[in-house]
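One structure below.
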Amino acid sequence: MVLRRFKPEDAAAFHVYRSDPNVGRYQGWDPIDEAAARALVLEQSRLQDIPAGEWRQLAIAFKENDQLIGDIGLRLNAHAGEVARFGITLSPEHQGRGYGSESLRLLFAALFKGGVQRIEAECDPRNEPSWRLIEAVGMRREGHLRRNLWHKGTWADTYWYGLLVEDWRAM
């Protein structure tokens with residue numbers, strides 16, 4: 001796997017999985033149409049860095065053929081970028097095959113090498129594949145917030161995860 005900036009030619013594949021309501025069921029975004037997918041991919045393809053305090057999307061692609069299979073939303077905190085938050089989305093046909101864990105390990109290695117001290121993630125407890133992935137890459141469940149989020153027409157719980165640089169190094 002490789003994590004990279006989006007390319008304009010990723011728009012069609014991005015649209016396919018980001019327009020699937022099942023893929024976005026537990027995500028903070030809603031399904032998008034083709035024009036919105038093209039616009040988002042184009043916008044993200046032009047960005048050179050990840051400024052602290054802003055969300056950016058990184059493309060997840062196969063190293064051998066550069067095929068887009070998903071993306072990672074990444075946000076560095078506004079204070080010197082020492083804490084990072086992420087969310088991951090994979091196309092349905094590429095879920096459950098280890099690509100997510102490989103991609104997150106690449107991301108974590110790069111973030112910790114770059115000076116990040118803590119990585120955070122949150123997950124809806126009903127999304128078992130997601131929290132299993134998060135735990136499989138070494139993140140620690142630090143909390144279970146009950147009905148803390150109004151999400152797509154219903155109250156939802158949130159699992160909260162964290163990983164410290166020293167825990168990553170010890171793995």
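None of the figures in this text is laboratory data; all of them are computed from the coordinates on show. Quick caveat, the model's predicted, so the values are computed rather than measured. All Cβ positions, glycine included, derive from the backbone under ideal geometry; neighbour counts span all protein chains shown.
Results for (1) loosely packed, with under 13 Cβ neighbours inside 10 Å; (2) within 14 Å of the chain's Cα centre (by Cα); (3) under 23 Å from E120 (Cβ atoms), shown as yes or no for each residue.
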position: E9; (1), (2), (3): yes, no, no
position: N22; (1), (2), (3): yes, no, no
position: A35; (1), (2), (3): yes, no, no
position: L40; (1), (2), (3): no, no, no
position: G53; (1), (2), (3): yes, no, yes
position: N65; (1), (2), (3): yes, no, no
position: G81; (1), (2), (3): no, no, yes
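Are there any strands (runs of 3 or more DSSP E) wholly within segment 1-106 with 3 or more residues that are without any contact (Cβ under 8 Å) to a residue 40 or more places away in the chain, and if so which?
Working: elements: 2-4, 55-61, 68-76, 83-90.
Passing ranges, in order: 68-76, 83-90.
Per-residue answers, yes or no, for (1) assigned to a helix (DSSP H, G or I); (2) more than 17 Å from the chain's Cα centre (by Cα); (3) closer than 22 Å to N22 by Cα:
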| site | (1), (2), (3) |
| --- | --- |
| A121 | no, no, yes |
| R126 | no, yes, yes |
| S130 | yes, no, yes |
| I134 | yes, no, yes |
| G138 | no, no, no |
| E142 | no, yes, no |
| R147 | no, yes, yes |
| A156 | no, yes, yes |
| R169 | yes, yes, no |
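Out of segment 106-148, which residues are surrounded by 15 or more Cβ atoms within 10 Å (Cβ to Cβ) and among the aliphatic types (A, V, I, L, M)?
Selection gives L106, L107, L111, V116, I119, A121, L133, I134, V137, M139.
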